[in-house]
Each structure stands twice: as C-alpha cells, then as structure tokens.
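Working notes, beginning with the structure itself.
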Amino acid sequence: MFAQDTLIYSQKNSLMFSNKYLLFPKTNKFEHIFKTDDGQTWFGKGTYTIKKSKIILDFGDSEENIKSETQIERIYDKSNVFDTLIVKFIDKKISKSMGHIKYNEKYYYTDFDGQLKIPKSELKKDELPIVETFIQGSIINIELRDINILSALIITAYDIYSYYHFESNFTRVLNFKNNKIKSEDFYGTTKKNAIFELLK
C-alpha cells in the first residue's frame, strides 16, 4: 500500500457530497477536500505521521496557494501620463471576466473583455480615492495612490469568494485499521458522528 503515489480515502454513504483525504506517502503530505451539496468547500493540507493505529494530520496554511493567485497590481508610468485609468479584471474561476467599480455613487462596468475606463478627473476629487470593486459576487475596496502616474489597475482573482472554509494550523487525529479510517468530524452522517473513509 505504501508504495503507491497517492492514497485516497473517500467517505462512504455520501451521495450528496464528496469527502476525501489524500495522503502522499513519499512526502508525508496530505490534502483534505470536502464539498457539500450547497456548494461549500472545506479544504486543508499539511503533513501527517502514523503512530500505531492513528494518523496524525498537522494542518498548515491551507490558504497559501489561493492567496498567491489573488493579486491587485497597480501599474505606474511617468513617461506617458494619460487622463484615463484603465482597469482590467482577470477572473481565473470563470473564462469570462466581469465586474464593476463604484466610486462616489457612480458605476463603471466592464466590457466583454473584462476592461473598463475611469476618467482621472473623477478620481482626483479625493486626495486618496478608494474604489469599491465588485468581482466574483463580493466587494473589495482598493486604495489608489499617485493618480497622475497611475496608468492601469489589474485585478486578478481565483475563486476566493466562493464558499471556501480553510482548515489551517491545527491537528486532527484519525483512527485507522486495514483500509478504513474513522473520525468524529462535525459533518458526520452516521450514528455518534462517526465518519468512515474507505481506501480506493
């Protein structure tokens, strides 16, 4: 069993959701992915050790990779000063990038390429303008500095506003025997909240 690249334990009797533990014996790393029927996802990762009949999962920073995919980039250009700020939305969750920006009760909507333009004359009314940005169903506020030389704002998002719950910085102990592991997680569906995961 331990010669395999990946050991996948899947919860039985789970027609309405998907609950899996993925163990990687060569690196002693693991991932936990639990998807519910209402679109929520619980995600955790870290390292594991095995002691007798227990698997000890040490969860690390499970948000790290997704955080690195989400960026707000400000592009400054002193050589070419334009009177319009270009805003580009890049949504890695879906192929079509859409969103809008609200500033001083005025809305600016993206075109079919996920791009919009804001006259700098509007932004210069405030010393430090903050634009309300709508992407992936949620709002984030972005502070804009040095409007005169700010030529573009690029907003890249990767599924950060979905119903994600991250399991980070704690330890979980699972009991196992043969090809079965058992836990008492809160999403139990059997008696006494016992979860049984079978090795695939």
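The values are calculated or read from the model by the stated rules, or taken from the named source; none is laboratory data. Computed from a prediction, not measured in an experiment: that's the story for all the values here. Note: ideal-geometry Cβ built from the backbone for every residue, glycine included; neighbour counts use all protein chains shown. These accessible areas exclude ligands, DNA and RNA; they are computed on the full protein's heavy atoms, side chains included. Shrake-Rupley method; radii C 1.70, N 1.55, O 1.52, S 1.80 Å.
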Could we say that residue 14 is within 22 Å of residue 171 (Cα to Cα), modelled with pLDDT under 90, in a loop (DSSP other than H, G, I, E, B) and open to solvent by less than 60 Å² (accessible area, probe 1.4 Å) here?
-> no
Identify all residues within region 36-59 that are under 18 Å from the mean Cα position of the chain (by Cα) and in a loop (DSSP other than H, G, I, E, B); write none if there are none.
-> 36, 38, 39, 40
Of residues in region 64-74 being surrounded by 13 or more Cβ atoms within 10 Å (Cβ to Cβ) and at pLDDT 75 or above, the one nearest to residue 121 (Cα to Cα) | 74
Identify all residues within region 106-156 that are at pLDDT 90 or above and basic (Lys, Arg); write none if there are none.
-> 106, 117, 120
With the condition kept exactly as written, say whether any residue in region 98-117 is closer than 15 Å to residue 157 by Cβ and either surrounded by fewer than 11 Cβ atoms within 10 Å (Cβ to Cβ) or touching a residue at least 40 places away in the same chain (Cβ under 8 Å) (or both).
-> yes
Of all residues in region 86-102 being outside any loop (DSSP other than H, G, I, E, B) and either over 19 Å from residue 73 (Cβ atoms) or under 18 Å from the mean Cα position of the chain (by Cα) (or both), the one that is modelled with the lowest pLDDT | 91
If you go through region 27-35 one residue at a time, do you hit one that is in a strand (DSSP E or B), at pLDDT below 90 and either open to solvent by 60 Å² or more (accessible area, probe 1.4 Å) or closer than 17 Å to residue 179 by Cα (or both)?
-> yes
